[in-house]
Protein chains: 2
Amino acid sequence: MSLLEQLAAAVGERNVLTGDLVAGYDRDWTGAWHGDPRAVVRPATTDEVAAVVAACAQAGVPLVPQGGNTGLVGAASPSDGEVVLSTTRLRAVGVPDPGTGTVEAEAGATLEAVQTAARSAGLELGVDLASRGTATIGGVLATNAGGARVLRHGTTRTQVLGLEAVLADGTVVTRMNGLPKDNTGYDLVQLLVGSEGTLGVLTRALLRLSPRPAARAAALLALEDAASAVAVAGALRSVPGLDALEFYTAAGLDLVLAAGRARTPFADAAPVHVLAEAVGPDADVLAEALAEALEELPGLQDAALATSETDRARLWALRESHTEVLAPLEPVKLDVAVPLVALASFLERLPEVVAAVAPGVTPVPFGHLAEGNVHVNLPGARPFDVDGAVTDAVLGLVASYSGSISAEHGIGRAKRRWLHLGRSAADVAAMRAVKQALDPAGLLSPGRVLPDPLA
Amino acid sequence: MSLLEQLAAAVGERNVLTGDLVAGYDRDWTGAWHGDPRAVVRPATTDEVAAVVAACAQAGVPLVPQGGNTGLVGAASPSDGEVVLSTTRLRAVGVPDPGTGTVEAEAGATLEAVQTAARSAGLELGVDLASRGTATIGGVLATNAGGARVLRHGTTRTQVLGLEAVLADGTVVTRMNGLPKDNTGYDLVQLLVGSEGTLGVLTRALLRLSPRPAARAAALLALEDAASAVAVAGALRSVPGLDALEFYTAAGLDLVLAAGRARTPFADAAPVHVLAEAVGPDADVLAEALAEALEELPGLQDAALATSETDRARLWALRESHTEVLAPLEPVKLDVAVPLVALASFLERLPEVVAAVAPGVTPVPFGHLAEGNVHVNLPGARPFDVDGAVTDAVLGLVASYSGSISAEHGIGRAKRRWLHLGRSAADVAAMRAVKQALDPAGLLSPGRVLPDPLA
């Protein structure tokens, strides 16, 4: 039997797509990463996933797992000749268990589907991203996705209580008992979280749910510079229930306003805006706490408080529409982090570093202030980045501050050349040994995360 | 040069102990695990640790890292012929950074030393154990220790922001940048946490610190049975700031009282006691919240509230002196967990299961109620457990509830025979592959965690 016949036997003929039918699965949503897959396979159960992986292993054909295809580093879009294992049909979401505060979800369930299920039980998932309607649980876990709620909840890996995955040889590892304490050997769950499809295909997860706060209040602050934004982070640290702390600059705001995607509550433009949100039993008390913490803050030009759902949504639109208004400009996108104490200096030096390799390009930085996490968007920089000169310059600047070259998007295909800027040679060697141990033939998402040997 | 000469060259002659000088390092504190080490080596820096590991690797001599020697599964006490790498001289604790909420500590620093440093900065470490004065950070991380504060903070691994370790080949992996978001490849930190010295020697860690709550209040509850204790867990779930939820039975209380180690506030003995503690801005408000949540709880016979430090300490002494009053009775000790919904049933069936293999032995169960984590102590059971019959019976019962055969102590040498009760064959194979990848010669803590092949 040919590989395609074996795949059809495993998942049914109509779930093995080839030719024109691979459209949409063959590239990421930005169009930056694409390839000609050998086939797209859509298993509906863990057993079917195992059969697909085993068939590819036997045929020696590389395979890449794919969820919502919202990743930004090319981890889940195929290279030529790969089989795409799409989790589209693995989308069941269990009934949340209020007793244990958990919910089970299949890898292909969208983040939003899990959030909705949690809410229906009076609970919430401590993970949220702008792409929630498309991004899948499998992808969110495989990339240890960040987002705007890491401040209160930690990164995705802290919300993962259990996981099931198919390894490269087709065997299934499972840890779904949900026990909060279980020290029985190595933590394969945490090893798989953030491994970007290179160590296993995630099929199912047990996720932690938290009590849903009764109220939320948000404050949008107009600030004179990035240093003031960092001071805001310090001033708000003591506010109980601080849940999000985001920032954007005038460059991004101009694009959002020009696109008519949101309205600013301020008459004058400010160089830097910070959006803070806190949760607790009472919205007015929260708003008061935010206002009080910000009293006499130097550099604060203006502030707007929001306690209603509608008003909060208006403020969030200013921040969340950044990604979409930037997309048509085909920017080079680099997701990085620097220690918070270095953030103002990093943002100050960024334009000159970019201008040196990409004349005329103005950075549009925005992101998650609390973690020093900056989405460096560089519209018009792609022609200058063909050989990675722009990426090299920005990531080099990040490394000079002991920052992270990938705060939340992962390494994928996009950044593996630069992995040495974030990890030591000993670290990379250990990672390579683990990869070799779990995928000796190198068939799971090859060419992602780890640089080529001797590169 | 002989191995001992090489070790002396690495750490200084006076820090290579042999003969009678190995006393104390050659056995765990219970005396259950012991061996004749080839030498005890006490490096004082990471470079010295690397030199020791490299020298042992070159000589093909097995090595076992050892911290405070308070572990209970034989992971850190030597087998015959092993070199003990003691972290006694790696005990520096950094100055807590209130800005990032972190503190750096060397592996040999005691848990208490780090707690004290945190407190001096108005912060707290979210990890606490009764053995805090002796247990080291290295041991606490290597075992992913649990303890009484997992309820609010999670297990130790959630408090680890960075780690440095020496791998089996003497190379040093380091991730100490402390960035809350850093998705640059596999999470070696979380792989090393809980690996019980089998994948690397931990040398240094960056730990998360939390704001220190202004007040604490505790409630000791006398209950008519275990089912009532489980009901307490449900009733208290909604109390904000719930920080600990412990339990013990009449069997343990009798031993504690007989030893004069603590006094009970109740006139009558109750079958089950639960100790709950909550944290927040005001002790009286907390005590009120606890009392209110417990109103009309079926099975509640008596209750005592404590808001002062002294009163709280008195209640905690009842729970924390269990381990020490049991020690002279040389019990078989099995640390297990079952889903909370199964706890009452487990505790009910435990005596008959034990009696079937160890006639006359009465279980003394106590532990961490919130996680269904039971320290099954079996005084007088050792003669019946020579071939593991008692362990087998209890762990079999645990497995029948889909519980954990080691909730917080780890596997070590004690439970590797039973690993299959908690992990699937595919899981164990994957763990073995990882071990083989990072320690191909099998010289780091051999005979721990993983069962012998073909066993």
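The values are calculated or read from the model by the stated rules, or taken from the named source; none is laboratory data. Because the structure is a prediction, the values reported are computed rather than measured. A quick note on method: Cβ atoms are made from the backbone with ideal geometry, for glycine too, and the neighbour counts reach across all protein chains shown. Ligands, DNA and RNA are stripped out before the accessible areas are found, and what is left, the full protein with its side chains, is counted by its heavy atoms. Shrake-Rupley method; radii C 1.70, N 1.55, O 1.52, S 1.80 Å.
Please identify the pairs in which a residue from region A:254-275 that is without any contact (Cβ under 8 Å) to a residue 24 or more places away in the chain has its Cβ atom under 7 Å from the Cβ atom of a residue that is buried (at least 16 other Cβ atoms within 10 Å of the Cβ) and hydroxyl-bearing (Ser, Thr, Tyr), counting only partners at least 6 apart or on another chain. Once the first residue is without any contact (Cβ under 8 Å) to a residue 24 or more places away in the chain and sits in region A:254-275, its partners that are buried (at least 16 other Cβ atoms within 10 Å of the Cβ) and hydroxyl-bearing (Ser, Thr, Tyr) give A:Leu257/A:Thr264. When every residue of region A:275-291 is checked against the conditions, at least one turns out to be surrounded by fewer than 16 Cβ atoms within 10 Å (Cβ to Cβ) and small (Gly, Ala, Ser). Filtered by the rule that a residue be in contact (Cβ under 8 Å) with a residue 60 or more places away in the chain and of a type in the set (A, V, I, L, M), region B:411-455 gives B:Ile411, B:Ala414, B:Val434, B:Leu438, B:Ala441, B:Leu443, B:Leu444, B:Val449, B:Leu450. Residues in region B:130-162 that are within 19 Å of B:Lys181 (Cα to Cα) and of a type in the set (A, V, I, L, M): B:Val160, B:Leu161. Which ones in region B:353-382 are within 14 Å of chain A (Cβ to nearest Cβ) and not β-branched (Val, Ile, Thr)? Listed by number, the residues that qualify are B:Gly367, B:His368, B:Leu369, B:Ala370, B:Glu371, B:Gly372, B:Asn373, B:His375. Of all residues in region B:265-286, those that are more than 14 Å from every other protein chain (Cβ to nearest Cβ), outside any loop (DSSP other than H, G, I, E, B) and touching a strand residue (DSSP E or B) at 6+ places or on another chain (Cβ under 6 Å) total 9. Beta carbons closer than 7 Å, at least 6 apart along the sequence or on distinct chains, pair a first residue in region B:326-352 that is away from chain A (no Cβ under 14 Å) and farther than 21 Å from B:Leu223 by Cα with a second that is acidic (Asp, Glu) and part of a helix (DSSP H, G or I) for B:Val332/B:Asp385.
One residue stands out in region B:87-106 among those that are β-branched (Val, Ile, Thr) and more than 24 Å from the chain's Cα centre (by Cα): the one that is nearest to B:Val140 (Cα to Cα), namely B:Val95.
When A:Arg319, A:Arg349 are checked against the criterion of being of a type outside the set (A, V, I, L, M) and surrounded by fewer than 18 Cβ atoms within 10 Å (Cβ to Cβ), a single residue qualifies: A:Arg349. Taking first residues from region A:129-140 that are surrounded by fewer than 23 Cβ atoms within 10 Å (Cβ to Cβ) and partners that are charged (D, E, K, R), the Cβ contacts under 7 Å between residues at least 6 apart in sequence or on separate chains come to A:Ala130/A:Glu320; A:Arg132/A:Glu112; A:Gly133/A:Glu112. For the subset of region B:386-439 comprising residues that are of a type in the set (A, V, I, L, M, F, W, C) and not in a helix (DSSP H, G or I), which member is nearest to the other protein chains (Cβ to nearest Cβ)? For region B:386-439, the residue satisfying everything is B:Ala407. Annotation note: of B:Gly178, B:Gly197, the sole residue that is away from chain A (no Cβ under 11 Å) and open to solvent by less than 30 Å² (accessible area, probe 1.4 Å) is B:Gly197. Restricting attention to region B:100-145 and to residues that are touching a Pro at 6+ places or on another chain (Cβ under 8 Å) and among the hydroxyl-bearing types (Ser, Thr, Tyr), the residue that is nearest to B:Gly412 (Cα to Cα) turns out to be B:Thr102.
Conditions tested, residue by residue: (1) touching a residue at least 60 places away in the same chain (Cβ under 8 Å); (2) within 21 Å of B:Thr198 (Cα to Cα).
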residue	(1), (2)
A:Thr171	yes, no
A:Thr174	no, no
A:Leu179	no, no
A:Val189	no, yes
A:Val193	no, no
A:Thr198	yes, no
A:Leu202	yes, no
A:Leu207	yes, no
A:Pro211	yes, no
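Taking region A:131-238 and the helices (runs of 4 or more DSSP H) fully enclosed by it, the elements with 1 or more residues that are within 18 Å of the chain's Cα centre (by Cα) and among the polar types (S, T, N, Q) are at A:188-192. Checked across region B:20-27, the condition of being open to solvent by 60 Å² or more (accessible area, probe 1.4 Å) and more than 25 Å from the chain's Cα centre (by Cα) holds for at least one residue. Of all the numbered requirements in (1) small (Gly, Ala, Ser); (2) in a strand (DSSP E or B); (3) open to solvent by less than 20 Å² (accessible area, probe 1.4 Å), B:Ala262 misses one, and that requirement is (2). Looking only at residues in region A:142-172 that are open to solvent by 20 Å² or more (accessible area, probe 1.4 Å) and closer than 30 Å to A:Gln58 by Cβ, the one that is nearest to the other protein chains (Cβ to nearest Cβ) is A:Thr171.
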